[in-house]
1. Please order A:TRP336, A:TRP197 by the number of other Cβ within 10 Å, starting at the fewest.
2. Tell me, what is the FRET efficiency for A:LYS180 and A:ASP332 to the nearest 0.05, using R0 = 35 angstrom and their Cβ-Cβ distance as r?
3. Residue by residue through B:162-172, how many Cβ atoms from other chains fall within 10 Å of the Cβ on average?
4. Can you give the net charge of the other residues whose Cβ lies under 12 Å from the Cβ of B:ILE125, counting K and R as +1 and D and E as -1?
5. Can you put A:ILE288, B:ILE187 in order, fewest other beta carbons within 10 Å first?
6. Please give the average number of partner chain Cβ atoms lying within 10 Å of the Cβ of each residue in A:205-217, rounded to a whole number.
7. For B:GLU147, A:GLU139, A:GLU289, what ranking results if the residue with the fewest other Cβ atoms within 10 Å of its Cβ goes first?
8. Short version: ³J(HN,Hα) in whole Hz for each residue of segment A:202-215, in order, from phi by Karplus 6.51 cos²θ - 1.76 cosθ + 1.60 (θ = phi - 60°), x for Gly and Pro, what are they?
Number of protein chains: 2
Amino acid sequence: MLSQSQFVSLNRINSLPLSSSISVRKIFSDSLDFPHLGINSFPRIKLSSPKMSLNCVVSNEAEIDDLGVEDSELDEFAAVANKLADAAGDVIRKYFRKSFDILDKEDLSPVTIADQLAEESMVKIIQENFPSHAIYGEERGWRCKEETADYVWVLDPIDGTKSFITGKPVFGTLIALLYKGKPILGIIDQPVLRERWTGLSGRRTTLNGQEISTRSCSSLSKAYLYTTSPHLFEGDAEIAFARVRSKVKVPLYGCDCYAYALLASGFVDLVIESGLKPYDFLSLVPVIEGAGGTITDWTGQQFNWKASAGSPATSFNVVAAGDKQVHQQALDALQWQ
Amino acid sequence: MLSQSQFVSLNRINSLPLSSSISVRKIFSDSLDFPHLGINSFPRIKLSSPKMSLNCVVSNEAEIDDLGVEDSELDEFAAVANKLADAAGDVIRKYFRKSFDILDKEDLSPVTIADQLAEESMVKIIQENFPSHAIYGEERGWRCKEETADYVWVLDPIDGTKSFITGKPVFGTLIALLYKGKPILGIIDQPVLRERWTGLSGRRTTLNGQEISTRSCSSLSKAYLYTTSPHLFEGDAEIAFARVRSKVKVPLYGCDCYAYALLASGFVDLVIESGLKPYDFLSLVPVIEGAGGTITDWTGQQFNWKASAGSPATSFNVVAAGDKQVHQQALDALQWQ
């Protein structure tokens, strides 16, 4: 064993706020094993997430009532959202690590038959269940009978297509439901590992039906940071990111949307990205806020994107943190105007 | 669906050499699903890898006989190596996504109780089965009654400790057996996903018992490249890496040893890293060569590291490719002296 003198410092991770400690330790008291995870251990999907406990302060508390969405409606949306993720997952698993064509879009990002079929499978279910809802999908944009709608499903069938193409199982299916422009439901689904993070306004986020929580982190210097690639930052954004990166404990790469899921679960402290499209981040909002975390743009503002027939897929800079202190320190370092 | 006019170019991946096409397509004809993978579908572990077919040219062909290691001995080593990976996996799964201390070593790299216990579990099995063999482990260095030994087990219990710490399942246990300085056995084991790549001199590499192969790639401009982090390159190495990175189709990050495993399986074309220790790359050699790939230092030379009681853990620059053409083009771009 290493002697004490060989250690420079000692860190205890997973120092959770007291209010969440019991439920999270219970979640993880059994050995986590993916083959069992998908088959035996956690309940596969629950039709509604448990209401948050009185000790847990969640940043989206009470908003769902203010919006005028009934609990029963939210349960119904959650049930259908799970069907969307199931359907997309069935498609994606068929193509993962198979031979298929990779097509380069006009912006040179890759797309595959799996992206296209997964999106179509979700669109079909939405149209069957909620014909008046609008859909904004990465592959085909806006679909609705009207120019605008109160409810908009925003879909990214495979976030992290390059990971998918190279056989690395950290990509995800992203599903968001907006009500009057606000994300009230978000799913991050990893269909190969069979992990599903579900965030619903006013409720605690769950991973495969079990409540989860972000972790405390008092300082950037202790933070584990993820971003997908250093090449996603350009110009001033690259300089701003470098200011944060130089202050964190460990900068890590290559995790796509899975990094935000790990943050919601309390294993990562900070995720910072640039150039994300609405279908890349809207689903993350309920997931992270429902786990006690914070996600905003680089000026600290909530995201403001109006989905409609004419909406361009604007790019956003995103900063997500498990702890408000780290979130603020990241904003201070980014110095973004 | 996207119209033809929206596509800039069309690429077909997984264009495999004819000799390997049948066996690889058969491997992947069933839906790949990790929960099933670990439990039902592929044979979990075979005590020896199948001999290579006459159509498959593997770069380590016939070397095992030249070295004077019998087939039956190699089978015995493989059987024990599997036990090592099983034992390390049992430890690692207990700690994955659990609360534990992270200790910073003198070089500021993190180590955990899982690293330490996993290494000890493997050492114990080696000492029981092969008391005359030497061991060189990442955590505790050289262990042997003598100053040198013909057989040396080189172990990295968790390659990608930062991925492990942050709950991202792409780290791996690396096990190599050297005979007179040459790696004759290599294992890359991902214990959470239950995937095990096994390379044995003179034999085709297997993934969970099934033969695999790297894929063809005629040009750097078509290559998918992985490296763990942009921060692993310093000075001239950073400049050299940038020369290659600017030429590939897609540079990707954050995959640890798993990237080499994906390369051996034919999903990735090129992996380039700097500052790897012997316990990080020796196990990769039989895995990649046995799948038809090439792995050398940046000057194109085979690795030369003498394991002994006094051996420092020298750093090496590594380039691995599935196709010899891409390997050569990478060397040409690196221009490393």
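1. Ordered from fewest to most neighbouring Cβ atoms within 10 Å, A:TRP336, A:TRP197 come out as A:TRP336, A:TRP197.
2. For R0 = 35 Å, the calculated efficiency reads 0.65.
3. Going residue by residue through B:162-172 and averaging, the value is 6.
4. Cβ neighbours under 12 Å give a net charge of -3.
5. With the fewest neighbours first, A:ILE288, B:ILE187 line up as B:ILE187, A:ILE288.
6. Per residue, the number of nearby Cβ atoms from other chains is 0 on average.
7. Ordered from fewest to most neighbouring Cβ atoms within 10 Å, B:GLU147, A:GLU139, A:GLU289 come out as B:GLU147, A:GLU139, A:GLU289.
8. x, 10, 6, 5, 10, 10, 6, x, 9, 5, 10, 8, 5, 10
Where a number appears in this text, it was derived from the coordinates with a stated rule and is not lab data. Worth saying up front: this structure is predicted, and the values here are computed from it rather than measured. For neighbour counting, all protein chains shown are included, and Cβ atoms are generated from backbone atoms with ideal geometry for every residue, glycine included.
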